[in-house]
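First the structure, in the form of structure tokens, and then the observations on it.
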Amino acid sequence: MAEGLHLPLFRWQPSRDAQASRAQAAATVPTSEARPPTALRWAMTALFAGMVMTDRFGIAIGSFPLGLTMPLAYVLLAVLLLNGRLALDALSLALFAGLTTVGVLSFLLNATIDGGNRTSVLSLWLMLAIYLPFVFNQVRQPDTQGHWLWMMRTAGNVLLIVAIAGIVQFYAQFVIRTPWLFDISKLIPDPIRAQGIYNSAIPVGSIFKANGLFCREPSNFSFWMAFGLLIELALFKRVKRMLCFGLALLLSYSGTGLLTLAFGLLFPFRPRLLAWVGAGLVLILGSNALAGDPLNLAFTFSRFGEFSARGSSAYARYVAPMFLVDASFETTPWAVWLGHGPGTIQQSVAAFDSHDPTWAKLLFEYGIVGFVVCVGFVAYRLGRFPAPFQFRSVLFANWLVMGGYLLTPETVYVLYVVLGMWPGPAQQGLALASADAA
């Protein structure tokens, strides 16, 4: 097993200037790309494509739609094991054990109230099953950085397919009037259709927002488009793809993608690249204004006022959860520390016109202790691999703040594939199989 990598842009230098070195590494990217073993390529590609394109499929297990994403994550672990590349990270295991302990305590304490009718052991088991893969990562290889770059190129290719599908979908509505154009779940048989209430077809006046055909809602589609644009800006800088992702993002008319992109752009790119981004925005906005706003950007920008409007999507996502959590802390002696038990937040969201973002669900169901352990666990895994910092910050913020993603495999495992499954800059973990088998 290699002791370290020697790519100039990602060299790990433990010294008095370690913090500066990590900051420099986070702002750069590898320059050489390597192809992982064939089985690993197929497993990573299948998992990423499954996350983006198959979230409308699922078999109901209680109220949880089990789709392809979680099984594919475990297939990836099996492939890593068979290739001698699976490693166990000791600190991750300790954090996962802490999360398990908090979850069990929260369930047992709250099960004494009303005979345990409010709590859900299924919710607890699902959380543990979804986050178990984060205990593992790959054994460090001489070409780890190149393999990661290959994975990011593949992710960009998958997202480009969805971007093109969304653009075609949006303009096809002026020619084709059919319900499945914005909600393909109508074509999926009931036994394998993901259950739940989703806003797939959202009108903007007389037209509908693009959702990329494969995504449940325009907000999901807009996040993927923003992430695809960030991949191009940080790694590959292909102008045609940037324009494609940018147009698809605008046609989603969703604030989620705009917030994601704005958050990612807070972190420094090279001045020349920022100049190109600024020039592109000026060109798009200017051309749109001169043409009479055919992209209807006035509607998109007007949505920033929704944060103060009760009943709006922005209010439900970002404001109402604060009132919901605040009102819940004094109901039991242990609520502030261990929460109300797994699966209980859904019984209270309607009274506050609230969604259940990850941070609120953790505080409500597992208390401050559960919040600290779970967030620390995920933050640790995302912080190990020295990828561009905007990837870590955007994926972490999306998981924590922008939706009810604690038990959403499609969102959780993008954290794993992009960052969590890759080893840190120093040799770590306990190999579960001999590296010679790779």
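Computed from the coordinates by the stated procedures, all read-outs in this text should not be read as laboratory data. What you see is a predicted model; the values in this text were computed from it and never measured. With ideal geometry, Cβ positions are generated from the backbone for all residues, glycine too; neighbour counts draw on all protein chains shown.
Could you state the number of Å between the C-alpha centres of region 95-160 and region 353-383?
Using only Cα atoms, the two centres lie 12 Å from each other.
Among LYS209, LYS237, what is the fewest-to-most ranking by other Cβ atoms within 10 Å? Show your work: numbers first, answer last.
Values: LYS209 26, LYS237 13.
Going from sparsest to densest Cβ surroundings: LYS237, LYS209.
Would you calculate the separation in nanometres between label points at THR101 and ASP353, each defined as 7 Å from the Cα along the Cα-to-beta-carbon direction?
4.2 nm
Could you calculate the FRET efficiency of GLU330 with SER393 from 1/(1 + (r/R0)^6), where r is the beta carbon distance between them and R0 is 30 Å, rounded to 0.05? Could you put the intermediate results ahead of the total?
Working: r = 33 Å, r/R0 = 1.12.
My answer for the efficiency is 0.35.
Roughly how many debye, to the nearest 20, is the charge dipole of region 147-267 about its Cα centre, given +1 on each Lys and Arg Cβ, -1 on each Asp and Glu Cβ, and no other charges? Please list the in-between numbers first.
On the way: 10 positive and 4 negative charges, 57 e Å.
Charge dipole of region 147-267: 280 debye, to the nearest 20.
Taking region 147-267 on its own, what percent of its Cα-Cα pair distances exceed 26 Å? Let's see the in-between values first.
On the way: 1638 of 7260 pairs.
Pairs farther apart than 26 Å: 23 percent.
Simple spin-label model, 7 Å along Cα-to-Cβ: TRP125 to ASN199 in nm?
3.4 nm
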